[in-house]
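The values are calculated or read from the model by the stated rules, or taken from the named source; none is laboratory data. The structure presented is a predicted model; accordingly, all values stated were derived computationally and were not measured. For neighbour counting, all protein chains shown are included, and Cβ atoms are generated from backbone atoms with ideal geometry for every residue, glycine included.
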Amino acid sequence: MDWVKEFYTCQNEWFGVYLVDVEERHRERAKLIHKLSDNSEKMILELGAGGGQTSIALAESGHDVTMIELLESSTNHARKLAEKMKINIEIINNDFYRHEFEQQYDLICYFDSFGIGNDNDQRRLLKRIYSWLKPKGCAVIEIGSSLYWGGVARGKSMDLGNCMRQYDFDANNCRLIDQWWRKAYPKNIVNQSLRCYTPADLKLLLEGTGLKLVTIHPGGKIDYEIPEFIENAPLEEAMTFYVKLTKT
């Protein structure tokens, strides 16, 4: 997991990935969270919250939101964004694998980067999530689909202006390899490596964590022929899938 801070720092410095305003996609994600849980006001914790855009979108809906993020540049952006929008959220700059929360939450959510470590790391995180949830609480987590990243996406590249992005897949370890580099420095490549799962894999991963799978919701996909992002894709074609987990 040594790559984590360098990779996400480069994403911010090269492309400002987590340094944007609250956009429609963040509010759509908040709506999905409502759909997978319910619309009642909640105490929510967002893990790996980036620049705070989804946390702010959730707070706009009346929730009491805490976000935790590793990068100081991202949490600084979240503070400025929340202040500009006059939204009150709690912002923690720390590693959620190590931070100890003093309360429990109705809902815990985690998007984009589940699978950072190996299966043991994921189980350790899931057990921590269990301990942070209220008895009737739930977690909503976005999972990378091995069917997509090991299939149509493998080898695909994207031109992002001043930098490039290319996808590969480690079939032996079922991991998405996400490579970024600046066009001016093509040999300076940073890699993101995320363990991907099928729903069946995830059910096995949950064993012994105290959590059970309740709902699966497929995410979208990129159609590389067009190219265009397709918001609604069947589970077998989706880039990611969202799961709702509750205590057993």
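Counting only residues that are over 23 Å from residue 204 (Cβ atoms) and of a type outside the set (A, V, I, L, M, F, W, C), segment 91-136 holds 14 of them. Counting only strands (runs of 3 or more DSSP E) that sit completely within segment 136-219, those holding 3 or more residues that are modelled with pLDDT of 95 or more correspond to 163-170, 175-182, 185-195, 211-218. Residues that are surrounded by fewer than 16 Cβ atoms within 10 Å (Cβ to Cβ) and either at pLDDT below 95 or of a type in the set (A, V, I, L, M) (or both) are absent from segment 238-247 altogether. Summed over segment 23-65, the residues that are of a type in the set (Val, Ile, Thr) and touching an Asp or Glu at 6+ places or on another chain (Cβ under 8 Å) give a count of 3. Annotation: of all residues in segment 220-248 being assigned to a strand (DSSP E or B) and over 19 Å from the mean Cα position of the chain (by Cα), the one that is nearest to residue 159 (Cα to Cα) is 228. Would you confirm whether any residue within segment 83-106 is among the aliphatic types (A, V, I, L, M) and closer than 30 Å to residue 146 by Cα? Within segment 83-106, none of the residues are among the aliphatic types (A, V, I, L, M) and closer than 30 Å to residue 146 by Cα. I'd like to check something: does segment 34-53 contain any residue that is assigned to a helix (DSSP H, G or I) and either buried (at least 20 other Cβ atoms within 10 Å of the Cβ) or at positive phi (or both)? Looking through segment 34-53, at least one residue is assigned to a helix (DSSP H, G or I) and either buried (at least 20 other Cβ atoms within 10 Å of the Cβ) or at positive phi (or both). Evaluation of residue 18 against the conditions (1) over 13 Å from the mean Cα position of the chain (by Cα); (2) within 20 Å of residue 79 (Cα to Cα); (3) of a type outside the set (S, T, N, Q); (4) not in a helix (DSSP H, G or I) shows that the sole unmet condition is (1).
Set side by side, the residues 104, 179 differ, and just one is surrounded by fewer than 18 Cβ atoms within 10 Å (Cβ to Cβ) and under 24 Å from residue 248 (Cβ atoms), which is 104.
Counted as qualifying within segment 54-122 are the strands (runs of 3 or more DSSP E) with 1 or more residues that are more than 16 Å from residue 18 (Cβ to Cβ) and in contact with a Cys (Cβ under 9 Å, 6 or more places away or on another chain), namely 105-110.
Of all residues assigned to segment 159-176, at least one qualifies as being within 29 Å of residue 33 (Cα to Cα), in contact (Cβ under 8 Å) with a residue 40 or more places away in the chain and of a type outside the set (A, V, I, L, M, F, W, C). Under the condition of being under 30 Å from residue 215 (Cβ atoms) and either among the aliphatic types (A, V, I, L, M) or in contact with a Gly (Cβ under 7 Å, 6 or more places away or on another chain) (or both), which residue from segment 143-166 is surrounded by the fewest Cβ atoms within 10 Å (Cβ to Cβ)? Only one residue tops the list, namely 152.
Once segment 13-22 is narrowed to residues that are of a type outside the set (Asp, Glu), within 27 Å of residue 61 (Cα to Cα) and touching a residue at least 24 places away in the same chain (Cβ under 8 Å), the residue that is surrounded by the fewest Cβ atoms within 10 Å (Cβ to Cβ) is 20.
Quick check: is even one residue across segment 223-232 touching a helix residue (DSSP H, G or I) at 6+ places or on another chain (Cβ under 9 Å) and at pLDDT 95 or above? Taking every residue of segment 223-232 in turn, none turns out to be touching a helix residue (DSSP H, G or I) at 6+ places or on another chain (Cβ under 9 Å) and at pLDDT 95 or above.
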